[in-house]
1. Using the per-residue mean of other Cβ atoms lying within 10 Å as a proxy for protection, in what order, highest first, do the peptides 222-234, 287-299 fall?
2. Considering region 202-249, what Rg and Dmax in Å follow from its alpha-carbon atoms?
3. Net charge near F165: determine it from the other residues with C-beta under 9 Å of the C-beta of F165, scoring Lys and Arg +1 and Asp and Glu -1.
4. Can you sort E242, E370 by 1.4 Å-probe accessible area, starting with the largest?
5. Excluding ligands, DNA and RNA, what is the solvent-accessible area per residue of region 253-475 at a probe of 1.4 Å, expressed in Å²?
6. Which GluC sites (Glu not before Pro) in region 114-213 pass both tests, a DSSP loop state and at most 10 other beta-carbon atoms within 10 Å?
7. Once phi is turned into ³J(HN,Hα) by the Karplus curve 6.51 cos²θ - 1.76 cosθ + 1.60 with θ = phi - 60°, what whole-Hz value does each residue of region 217-223 show in order, with x for glycine and proline?
8. Using 5 Å bins from zero, what percent of all Cα-Cα pairs in region 190-304 falls into each bin?
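The values are calculated or read from the model by the stated rules, or taken from the named source; none is laboratory data. None of these values were measured; they are calculated from a predicted model. Methodologically, a virtual Cβ is constructed for each residue, glycine included, from the backbone with ideal geometry; neighbour enumeration extends over all protein chains shown. The area values use the complete protein model at the heavy-atom level, side chains included, leaving out ligands, DNA and RNA. Shrake-Rupley method; radii C 1.70, N 1.55, O 1.52, S 1.80 Å.
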Amino acid sequence: AKAKRGLCEGSAAASSSDGEQEGDVWEMEEDGSGEEMVDDYGASSSGEDELLPIEKAALKQKSDRGGLSEDDSEEEEEEEKISKQKKEQKKEENADLQLNLDIDEEFRLPTDEQIERENILSFRIKGNMEVLQDFGVKREEGRTRQEYLALLRRDMAAYYSYSDFLLGKLMDIFPLPELINFLEANEVPRPVTIRTNTLKTRRRDLAQALINRGVNLDPLGKWSKTGLVIYDSTVPIGATPEYLAGHYMLQGASSLLPVMALAPQENERVLDMCCAPGGKTSYIAQLMKNTGMILANDSNAERLHSVVGNLHRLGVTNAVVSNCDGRQFPKVSLYYPEVLGGFDRVLLDAPCSGTGVISKDPAVKTNKDEKDILRCAHLQKELILSAIDSVNAVSETGGYIVYCTCSITVEENEWVVDYALKKRNVRLVPTGLDFGKEGFTRFKDRRFHPSLRSTRRFYPHTHNMDGFFIAKFKKFSNAIPKAQKEPAVEAASAVPVPDAITEPQPKKKKLEGSKAAKGQKKPQSALKKRHRLPAQHRPAKA
């Protein structure tokens with residue numbers, strides 16, 4: 001028994017030692033020698049346990065290789081060469097930038113190759129502007145002003161992403177330093193503004209309620225008693241309980257100005273010819289204190305849904321919403337004069353090209369051309385004549401028309417107003433706004449009526465609001481003047497015709513012949529014959 005026990009213990013010890021040796025061999029085969037792992041990577045077995053399986057496989061693969069292959073060394077050399085070349089290129093570019101940004105260097109017109117190669121348009125625009133402001137001293141010899149302007153126009157169109165047509169229009173309107181400010185202002189959004197609905201609350205109470213909700217705001221300005229400007233907010237301005245209750249309306253600062261110029265009175269009949277989305281209509285009702293009647297019209301039926309919703313939310317009860325073509329109002333008023341005619345005041349916010357709201361719609365920079373401008377101008381001329389015909393000139397308190405657009409082009413503003421002055425019995429009156437720039441009385445080769453100085457222009461770079469144009473008319477007669485050609489024809493026909501023309505020519509010759517035969521003197525002197533020729537040609541020209 002003792003012998004058997006000794007044999008079993010010996011075999012067990014032998015088997016355990018063999019198992020340990022086999023286990024060490026498997027571990028060596030799987031993981032490699034422990035010394036190599038520590039020497040190569042400086043990590044112990046405990047560090048290896050923290051590695052991911054894919055990281056362990058990568059370490060094993062590199063340890064098996066024992067070093068980098070020839071292919072790897074060649075790839076590293078190529079990478080080093082490429083990195084050196086890139087560093088050299090960056091140094092050259094930085095040197096070019098330093099040369100271009102050197103202020104003391106004189107500005108010279110670049111060649112065609114330089115234009116294609118250079119990408120720093122802002123520096124070129126700045127240098128070109130400095131030369132044009134003092135052209136006689138800083139210009140390059142042999143170069144004309146037109147060459148500098150052509151380059152400036154091309155560079156600004158590329159830098160600010162404008163079409164060549166629209167940029168040319170803007171260069172005609174603004175001086176060059178002001179043009180840069182206008183283009184820069186269009187790249188920044190206008191501040192968010194709201195209008196207090198005094199039908200339901202006061203501005204002070206509304207401001208306090210919004211401040212308690214985490215809104216940072218200030219009064220819009222001394223010129224407005226209801227406006228507030230929002231700087232930042234922790235809550236969405238268009239979804240607060242105050243907004244849903246109709247205590248305020250999200251409205252741009254420039255949209256308040258036409259209603260202030262219209263100045264509606266209580267118990268009047270007012271027409272808002274293009275009313276969507278209803279901000280100006282609700283402001284009119286607010287000033288009228290829900291008295292009288294407002295006809296809110298728009299030719300787009302889909303946009304009237306927002307008008308109805310806003311009027312209900314703001315508590316407006318004196319408005320009637322209609323879907324008609326504004327150009328047909330004078331014709332329709334013949335059948336319904338008590339409803340669709342004889343208004344005390346009319347507000348026409350005419351559809352336009354939108355060149356004053358580029359910060360809201362950047363697509364205007366490239367999608368407008370000459371045809372779009374002229375098409376809008378033609379529609380605006382038809383609408384303004386219709387608006388004037390819808391007003392009652394003998395109204396005790398009214399007889400006013402306010403024309404406004406969110407465009408800054410002359411074709412849609414001064415040109416249209418001057419056209420209305422010639423076609424209807426109206427005159428321009430002050431808008432009642434203390435700020436804003438005067439309208440143009442001359443533009444390029446055109447000359448407008450001197451009273452256009454009473455119109456007002458608003459720009460984003462000077463007033464921090466959307467570009468806007470406002471004109472206010474006073475109608476002094478309901479009669480429509482006839483065309484200018486008809487009075488000229490009537491005046492020509494009223495000129496007395498000489499007797500020499502009324503008498504037939506053959507009889508004159510017979511009489512002269514008979515008198516000459518009898519030896520009598522000629523009845524008409526040479527002086528009278530001289531006057532006869534222009535008298536004969538005058539009616540023919542008329």
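1. Details: 222-234: 14.6, 287-299: 19.1.
The packing order, highest mean first, is 287-299, 222-234.
2. 10.1, 28
3. On the way: positive: K169, K368; negative: D164, D369, E370.
My count for the surroundings of F165 gives -1.
4. Numbers: E242 25, E370 75 Å².
I get E370, E242, largest accessible area first.
5. Roughly 41 Å² per residue, with all protein chains present.
6. Values: sites: E116, E118, E130, E140, E141, E147, E178, E184, E187; in loops: E118, E140, E141, E187.
Sparse-neighbourhood loop GluC sites (Glu not before Pro): E141.
7. Karplus-based 3J(HN,Hα) across region 217-223 equals 9, 8, x, 5, x, 5, 6 Hz.
8. 2, 11, 22, 23, 19, 13, 7, 3, 0
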